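Take a look at the structure below.
Throughout, read-outs are computed from the coordinates displayed, never taken from laboratory work. Since we're looking at a predicted model, the values are computed, not measured. Ideal geometry is used to build each Cβ from the backbone, glycine not excepted, and the neighbour counts take in all protein chains shown.
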Amino acid sequence: MPVSWVLLLLLILLVAWVAIDIYYPFKTDIRQINADETARIDGAMWRSYYENKKLRLFFESASLMRNQFHFPFFRSCVVSANVARAAFMFKEGKTRDDYEKAMPALRRYFASINEVSTSKFDVDSAIKTELEWWIVRRDKTIPTAEWERLLANTASVMYHRPADSFDNYAKLRVQAMVLRDKKDKVITEDDWQTINKLLVGAWRSFSVACK
């Protein structure tokens, strides 16, 4: 068989694989996660976000989509593109109107998760609490208890558990955020290790709360 035919066949197979990967309907239990691996990727994404490493954040986000929500490879890339776009649109915003420009990408992100979840959730409520959490997170005059409340509420919407089930998860995750904010541009490798330990504790607590 000529090389050109082999290459054409491989291209057709690749296109078919991508199409099946992205569009084939499947369901998964998003409550089943590897807490330690999720924490590791979460911490890596934080670092990429604050260091403005957009491409690295994209690949880390895709890895999180596969680990936490069990998306197949190419679909995880599509979903991560939406959440990465939302994150960086929000990062560049200055006002609430600016921040709300991230909502369409955020909607596609949550809708994709809801589509594959065996337990449906209210996408509009998830978007509202998540975006509000992002906005509140920027306002240093708002007590961290409010950060924790919104984090727990988003988890409650998606995972159908009482919000207070996620109190410890939210508290530890916020502690990690406060440390990162406090260190700002002088953050060290030891600081990142401490943040990662807090995130491991947070996601382990999250995993228990989901059961």
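Remark: region 3-210 is approximated by an ellipsoid whose semi-axes, taken from the C-alpha gyration tensor as √(5λ), come to 30, 20, 18 Å, largest first. When only alpha carbons are used to place a centre, region 184-211 and region 65-109 end up 22 Å from one another.
Find the relative contact order for the chain and round it to a whole percent, using C-alpha pairs within less than 8 Å whose residues are 6+ positions apart. Each step should come with its number before you reach the end.
Details: 245 pairs, mean separation 44.6, N = 211.
Averaging sequence separation for qualifying contacts and normalising by length gives 21 percent for the chain.
Scan region 20-86 for chymotrypsin sites (Phe, Trp or Tyr not before Pro) in coil per DSSP, keeping those whose Cβ has at most 15 other Cβ atoms within 10 Å, and list them by number. Could you put the intermediate results ahead of the total?
Details: sites: 23, 26, 46, 49, 50, 58, 59, 69, 73, 74; in loops: 26, 69.
Answer in residue order: 26.
One compactness figure for region 87-146 is 1.23, namely its Cα radius of gyration divided by 2.2 N^0.38 Å.
Ranked by the mean number of other Cβ atoms within 10 Å of their residues, highest first, the peptides 110-120, 171-181 fall in the order 171-181, 110-120. Within the shell defined by Cβ-Cβ distances under 13 Å, the residues around residue 146 carry a net charge of +2, with Lys and Arg each +1 and Asp and Glu each -1.
Counting only the backbone N, which residues of region 101-141 are under 14 Å from the spot 7 Å out from the Cα of residue 81 toward its beta-carbon? Only 105, 108-109 fall inside the zone, counting backbone N under 14 Å.
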